[in-house]
């Protein structure tokens with residue numbers, strides 16, 4: 001049975017940061033579910049305008065961290081900012097942070113990690129504008145395509161997606 005990966009997102013996810021890792025992870029043989037607090041479809045943000053919609057595979061209310069082997073958090077400014085205001089989304093992230101399962105966040109998604117109390121004492125990267133937020137939360141920020149610290153995998157931006165996805169695949173092998 002293939003390992004299962006949850007991608008937690010809502011409207012405003014950075015389109016490339018959901019679509020490309022999902023495609024690459026599926027190609028690597030994993031089962032990938034888009035999990036969202038919203039039913040039906042969610043809509044991406046494609047650089048400077050609204051992008052494509054993606055079907056929600058599992059509603060967050062029905063999703064259990066126990067059903068997944070890893071969690072991927074796409075960025076975009078809107079997506080993690082909206083998710084960190086939803087206690088059920090923060091709890092879902094916190095469950096992975098407290099486990100040995102891979103928890104991967106790219107771009108602005110580490111905002112969710114901060115909200116879940118998952119960055120203190122961790123080496124981490126993100127979109128550069130989050131450096132101060134992450135430092136204030138106790139993380140050691142690095143400017144690198146991918147930083148892995150324990151089960152936490154972080155990345156900076158869409159250009160880093162190949163390395164980011166490769167790190168997730170490696171963590172699941």
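Can you go through 12, 29, 44 and tell me which one is over 24 Å from residue 118 (Cβ atoms) and in contact with a strand residue (DSSP E or B) (Cβ under 7 Å, 6 or more places away or on another chain)? Don't jump to the end; show me each part of the working.
Details: 12 fails: over 24 Å from residue 118 (Cβ atoms); 29 fails: in contact with a strand residue (DSSP E or B) (Cβ under 7 Å, 6 or more places away or on another chain).
44 is the lone residue from the list that is over 24 Å from residue 118 (Cβ atoms) and in contact with a strand residue (DSSP E or B) (Cβ under 7 Å, 6 or more places away or on another chain).
Identify, by number, the condition in (1) within 13 Å of the chain's Cα centre (by Cα); (2) surrounded by 17 or more Cβ atoms within 10 Å (Cβ to Cβ) that residue 37 doesn't meet.
That leaves (1) as the condition not met.
Taking the condition of being under 23 Å from residue 81 (Cβ atoms) and in a loop (DSSP other than H, G, I, E, B), how many residues in the stretch 23-37 meet it?
Step one: list which residues in the stretch 23-37 are under 23 Å from residue 81 (Cβ atoms), which gives 33-37.
Imposing the further condition that a residue be in a loop (DSSP other than H, G, I, E, B) reduces the set to 37.
Residues that pass the stated criteria total 1.
May I ask you to say which residue of 102, 162 is within 20 Å of residue 19 (Cβ to Cβ), within 15 Å of the chain's Cα centre (by Cα), surrounded by fewer than 16 Cβ atoms within 10 Å (Cβ to Cβ) and touching a residue at least 60 places away in the same chain (Cβ under 8 Å)? Reasoning before the result, please.
Working: 102 fails: surrounded by fewer than 16 Cβ atoms within 10 Å (Cβ to Cβ).
Result of the check over 102, 162: 162.
Only one of (1) outside any strand (DSSP E or B); (2) crowded, with 17+ Cβ neighbours inside 10 Å; (3) without any contact (Cβ under 8 Å) to a residue 40 or more places away in the chain fails for residue 45. Which number is that?
Here residue 45 meets the rest and fails (1).
Please verify whether residue 6 is touching a residue at least 12 places away in the same chain (Cβ under 8 Å), in a helix (DSSP H, G or I), surrounded by 15 or more Cβ atoms within 10 Å (Cβ to Cβ) and in contact with a strand residue (DSSP E or B) (Cβ under 7 Å, 6 or more places away or on another chain), treating the condition exactly as stated. Walk me through it before giving the result.
Details: touching a residue at least 12 places away in the same chain (Cβ under 8 Å): yes; in a helix (DSSP H, G or I): no; surrounded by 15 or more Cβ atoms within 10 Å (Cβ to Cβ): yes; in contact with a strand residue (DSSP E or B) (Cβ under 7 Å, 6 or more places away or on another chain): yes.
Spelling it out, it is not the case that residue 6 is touching a residue at least 12 places away in the same chain (Cβ under 8 Å), in a helix (DSSP H, G or I), surrounded by 15 or more Cβ atoms within 10 Å (Cβ to Cβ) and in contact with a strand residue (DSSP E or B) (Cβ under 7 Å, 6 or more places away or on another chain).
Only one residue in 61, 28, 95 is under 19 Å from residue 2 (Cβ atoms), surrounded by fewer than 18 Cβ atoms within 10 Å (Cβ to Cβ), touching a helix residue (DSSP H, G or I) at 6+ places or on another chain (Cβ under 8 Å) and modelled with pLDDT of 95 or more, so which one is that?
The match here is 28.
Evaluate the stretch 14-22: report whether one residue or more is within 15 Å of the chain's Cα centre (by Cα), outside any helix (DSSP H, G or I) and crowded, with 18+ Cβ neighbours inside 10 Å. Before the answer, list the steps.
Let us first name the residues in the stretch 14-22 that are within 15 Å of the chain's Cα centre (by Cα), namely 14-22.
Going one step further and asking which of them are outside any helix (DSSP H, G or I), we end up with 14.
Narrowing the set further to residues that are crowded, with 18+ Cβ neighbours inside 10 Å leaves 14.
Yes; the residues of the stretch 14-22 include at least one that is within 15 Å of the chain's Cα centre (by Cα), outside any helix (DSSP H, G or I) and crowded, with 18+ Cβ neighbours inside 10 Å.
The values are calculated or read from the model by the stated rules, or taken from the named source; none is laboratory data. Everything numeric here is computed off the predicted structure, so don't read it as measured data. Cβ atoms come from the backbone with ideal geometry, glycine included; neighbour counts cover every protein chain shown.
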